[in-house]
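Input: a single structure, listed below in structure tokens.
Read-outs: derived from the displayed coordinates by stated rules, not from any lab. Keep in mind it's a predicted model, so treat the numbers as computed, not measured. Note that each Cβ is placed from the backbone with ideal geometry, even for glycine, and that neighbours are counted across all protein chains shown.
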Amino acid sequence: MLILNKTAGVFSKPSKRKIYEFLRSFNFHPGKQFLHKLVLGIETSCDDTAAAVVDETGNVLGEAIHSQTEVHLKTGGIIPPVAQQLHRENIQRIVQEALFASKVSPSELSAIATTIKPGLALSLGVGLSFSLQLVDQLKKPFIPIHHMEAHALTIRLTNKVEFPFLVLLISGGHCLLALVRGVSDFLLLGKSLDIAPGDMLDKVARRLSLIKHPECCTMSGGKAIEHLAKQGNKLHFDLKPPMQRAKNCDFSFSGLQHILDRIIMQKEKEEGIEKGQILSSAADIAAAVQHTTACHIAKRTHRAILFCKQRGLLCQSNAVLVVSGGVASNLYIRKALEIVTNATQCTLLCPPPKLCTDNGIMIAWNGIERLRAGLGILHDTEGIRYEPKCPLGVDISKEVGEAAIKVPRLKMKI
Ligand code: KG4
Ligand code: ZN
């Protein structure tokens, strides 16, 4: 699929001279020998410019990240050309910092792994063109990375987790449930039919003007909701989890967002305040939306576990559920998932928060996994393109829906 279109043609590629100077800035250590394979990972799929060097045993030798969150918080969301410009301004420095920290010279790398799908076209383009220049100069193999595959495999860097396992990815841009059968072998069980949970929480937080709240002004929308929810009463608003009749593993969050828009407008009228001021009921709204989101995610995940066990796709007695993505750092949602895993004799695992959100380490680690499995290692990058949209694995969500598994009611006492 050709994605590098006309717009892509205007990308300012780093010049050969610039890349050469960049490479010359490293001290080479001729006597130093690395026993293990080393991969440089580069991530620019959304709003983080990140890089890391990871070895075959999972040692993180060096890492660096530049987050654009602060800029995008001010504009009320990601503006792709702004994200692209920030990636361009930072990529060289970030890769340099990761390499310097690792004390590895570029010539010692076994391969370079870079996110090429899915993501924002303008952002992916920056990482890919930078990487291709580097690969060309260094004459190293290139490993194109699927961003969601990298999120899913991160747990194998921090924990001893064998295939198969179930993964739930929940963030501002992702929402899916998949069975991971191997490095590049995924069955997609369900995904959001509209927006991701983090996106919905960000929109609700923005509509509640939580950025003006003294306790929340530096927090992401989801984090602000979690923080305020602790002071609120979730029962003040009667929100129903979405898609209760659909017996599949898909998700939906935009309906919830619109219901909350209406509730907030109504409350503003009742309290006699303007849009942009903070409602006295903001904490109750935060508690209600967080609870409903947690129940919705827990129910779909419960069904996915039951489906996999029923079909013999997961171990009956010791199945593993991995939860990752920015929203996975929400402790209330984690507790809801813990209730599900306790009821189904599964083990719940989450990577540490730093590895749940976008980072370069997961890309480098995915590169190592692919090197070890001998999968997708390119020695010729001719024709390589980024793909803003790209499904993960084989989509069996229809089959999951047809199984119409009834999920037993669990008491969500969180
Ligand atoms: O993984 P991430 O850094 O970026 C992508 O979206 O890919 O996730 C960011 C998302 C944002 O929507 C943010 O509001 C949400 O994760 N988030 C949270 C929490 N911390 C971050 N959502 C709920 N509770 C949190 N504590
Ligand atoms: Zn991500």
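Find how much the distance from Val161 to Ser25 grows on full extension, using 0.36 nm per residue of separation minus their present alpha carbon separation; answer in nm with one decimal.
45.1 nm
Quick one: of Lys117/Lys240; Lys74/Lys230; Lys18/Lys191; Lys230/Lys309; Lys140/Lys354; Lys269/Lys354, which pairs are farther than 32 Å apart, Cα to Cα?
Check vs 32 Å cut-off fails for Lys117/Lys240; Lys18/Lys191; Lys230/Lys309; Lys269/Lys354.
Treat every Asp and Glu Cβ in the stretch 206-327 as -1 and every Lys and Arg Cβ as +1, leave all other atoms uncharged, and give the resulting dipole magnitude about the Cα centre to the nearest 20 debye.
Roughly 600 debye, rounded to the nearest 20.
How compact is the stretch 90-224 by the rule of thumb for globular proteins, expressed as Cα Rg over 2.2 N^0.38 Å?
Relative to the 2.2 N^0.38 Å estimate, the stretch 90-224 comes out at 1.30.
Could you give the Stokes-Einstein D for the chain in µm² per second, using the C-alpha Kirkwood radius, 10 °C, 1.306 mPa s?
71 µm²/s
Roughly speaking, what is the stretch gain from Ser317 to Lys389, that is 0.36 nm per residue apart minus the C-alpha to C-alpha distance, in nm to one decimal?
Value of the extension gain: 22.3 nm.
Let's test the formula: R0 of 51 Å, r as the Cβ-Cβ distance of Lys103 and Ile211. What FRET efficiency results, to the nearest 0.05?
It comes to 0.80.
Over the chain, with a Gaussian network built from C-alpha contacts below 10 Å, which listed residue (Ser107, Ser254, Ser329) shows the highest mean-square fluctuation?
Ser107
Let's test the formula: R0 of 35 Å, r as the Cβ-Cβ distance of His379 and Ser67. What FRET efficiency results, to the nearest 0.05?
With a Förster radius of 35 Å, E is 0.55.
Starting from the stretch 376-414, pick out the GluC sites (Glu not before Pro) whose DSSP state is loop and whose Cβ has at most 10 other Cβ atoms within 10 Å.
Filter output for the stretch 376-414: Glu382.
Using only the Cα atoms of the stretch 365-414, construct the convex hull and provide its projected area averaged over every direction, in square nanometres to one decimal.
One quarter of the hull surface, i.e. the mean projection, equals 7.8 nm².
Bin all alpha-carbon pair distances of the stretch 97-170 at 10 Å intervals from 0 and give each bin's fraction as a whole percent.
16, 38, 35, 12
What dipole magnitude, in Debye to the nearest 20, does the chain give about its Cα centre under +1 on Lys/Arg Cβ and -1 on Asp/Glu Cβ?
The calculated dipole for the chain is roughly 580 debye.
Among Thr115, Gln231, Thr158, which residue has its Cα positioned farthest towards the positive end of the charge dipole of the chain, with +1 placed on the Cβ of Lys and Arg, -1 on the Cβ of Asp and Glu, and the dipole taken about the Cα centre?
The residue sitting farthest along the positive end of the dipole is Gln231.
Provide the per-residue ³J(HN,Hα) series for the stretch 286-291, in order, calculated from phi with Karplus coefficients 6.51, -1.76, 1.60 and θ = phi - 60°, each as a whole number of Hz, with x at glycine and proline positions.
My calculation for the stretch 286-291 gives 4, 5, 5, 5, 5, 5 Hz in order.
So if I place +1 on the C-beta of Lys and Arg and -1 on the C-beta of Asp and Glu, and nothing else carries charge, what would the dipole magnitude of the stretch 90-154 be about its Cα centre? I want it in debye, nearest 20.
Taking the Cα centre of the stretch 90-154 as origin, the dipole is about 60 debye.
What is the set of long-range amide H partners of Ser209 at a cut-off below 5 Å, with H atoms built 1.01 Å from backbone N?
Hits under the 5 Å cutoff: none.
How far apart, in nm, are two points set 7 Å out from the Cα along the Cα-to-Cβ line at Thr57 and at Met265?
Label at Thr57, label at Met265, 6.1 nm between them.
Take each of the peptides 339-352, 111-124, 49-62, average the number of other beta-carbon atoms within 10 Å over its residues, and list them starting from the highest.
Ranked from most to least packed, the peptides come out as 111-124, 49-62, 339-352.
Note down, for the stretch 35-126, the three equivalent ellipsoid semi-axes (square root of 5 times each alpha carbon gyration tensor eigenvalue), biggest first, whole angstrom.
For the stretch 35-126, the ellipsoid semi-axes come out as 27, 12, 10 Å.
Based on Cα positions only, what radius of gyration and what Dmax would you give for the stretch 331-414, in angstroms?
Calculated on Cα positions, Rg and Dmax stand at 18.9, 55 Å.
When only alpha-carbon atoms count, how far does the stretch 244-318 stretch along each of its three principal axes, as whole angstroms with the largest first?
Principal extents (largest minus smallest coordinate, Cα): 57, 22, 16 Å.
Looking at the stretch 148-233, which trypsin sites (Lys or Arg not before Pro) are DSSP coil and have at most 15 other C-beta atoms within 10 Å of their C-beta?
Lys160, Lys230
Sorted by mean Cβ packing within 10 Å, highest first, what order do the peptides 281-288, 312-319 take?
281-288, 312-319
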